[in-house]
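Just so you know, all these numbers are worked out from the coordinates, no wet-lab data involved. Note that the structure is a prediction, hence the values are computed from the model and not measured. Please note: Cβ atoms are built from the backbone with ideal geometry, for glycine as well, and neighbour counts cover all protein chains shown.
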Amino acid sequence: MVSPHRDEARPNRREAAYPDDMTTVGGLPHEEPVRGTMVLLPTPPSGGFTAADLPRLIEAVDARFELLDGEVLMMAPTTHWHDVAVKLLWSVLRQIAPRSVVIATEKGIDLGHTVLEPDVLVVTRAAVSSDSLVFQPSDVHLAVEVVSPGTKTKDRTLRPAQYAGAGIKCFWRVENEADAMVVYTFELLPEGIYAPTGVFHTRIKLDRPFDIDLEIPEVTW
């Protein structure tokens, strides 16, 4: 007797498959995996990192970071618009700043175990040296934050509270509105909170932290 062929006893898998309108796993669109770069985050000592640790932390951490309560906190990526806006603000403020102050960018404010890094700062000239990394709050007259999509909560809510708590007299928040800079300005009250002093779309006119009368530059590239 001839045994039946093995394939004759096997059901036709195509016929027993799935309804025509059903999407199977194999039919799902292919998505690229999320890729990234490994960044070393140093383990803080028992007392936490301080501003004094910044030089060696900069060598160990290959990315922008701040210190928050003694721990390294990575900073969100910024957009091209943000970077151009920061450079423009630094340039126009530098042109009109009095000799007694220096316009700095991306330098820290030393709050001990917390080091905040505004986008632009107005700092007492006597406090600045060629190797400055951080400044004392008493030497910072203005802190400016340029908002990026990844920093909205920080720049609109957290930063004003932190800078006010540190005693920074003036704070600006720069928003992107249809690719134009809109500058929201604040001044510290005796109660230790900021009060709004203006919203500027084309020209900034203020008398603090120094006499300012400048046209807001156009962000182009």
### Query
When the Karplus curve 6.51 cos²θ - 1.76 cosθ + 1.60 is applied with θ = phi - 60°, which whole-Hz ³J(HN,Hα) does each residue of segment 123-136 get, with x for Gly and Pro?
10, 4, 4, 4, 8, 9, 10, 5, 10, 4, 10, 9, 10, 6
### Message
Using Cα-Cα distances under 8 Å and only pairs 6 or more residues apart, what relative contact order does segment 138-219 have, in percent?
### Response
24 percent
### Query
³J(HN,Hα) across segment 162-174 via Karplus (A = 6.51, B = -1.76, C = 1.60, θ = phi - 60°), whole Hz, x for Gly/Pro?
5, 5, 5, x, 7, x, 5, 5, 10, 9, 10, 10, 10
### Query
Near the amide H of His141, under 5 Å away, which other amide H atoms are found, from residues 5 or more places off or on another chain, if H is placed in the peptide plane?
Val122, Val123, Thr124
### Task
Report, ordered by chain and residue number, the aspartates and glutamates lying within cross-link reach of Lys154, taken as a straight Cα distance under 20 Å and ignoring same-chain residues fewer than 8 apart.
Glu66, Asp69, Glu71, Asp83, Glu106, Asp110, Glu117, Asp119, Glu145, Glu175, Glu177, Glu187
### Task
Post the alpha-carbon centroid distance, segment 49-76 to segment 111-166, in whole angstrom.
15 Å
### Task
For Met181, list long-range residues whose amide hydrogen, built 1.01 Å from N in the peptide plane, is under 5 Å from its own amide hydrogen.
Val219
### Task
With a bin width of 10 angstrom, please list the P(r) values of segment 96-221 as percents of all Cα-Cα pairs, from the 0 bin to the one holding the largest distance.
12, 46, 35, 7, 0
### Summary
Counting sequence-distant residues (5 or more places) and residues on other chains, those with an amide H built under 5 Å from that of Thr197 are Thr185, Phe186, Glu187
### Query
Taking θ as phi - 60°, what are the ³J(HN,Hα) couplings along segment 181-197 by the Karplus curve (6.51, -1.76, 1.60), each to the nearest whole Hz, with x for Gly and Pro?
6, 10, 10, 9, 10, 9, 10, 6, 8, x, 6, x, 10, 8, 10, x, 10
### Summary
Within segment 117-216, DSSP-loop GluC sites (Glu not before Pro) with at most 12 other C-beta atoms within 10 Å are Glu191
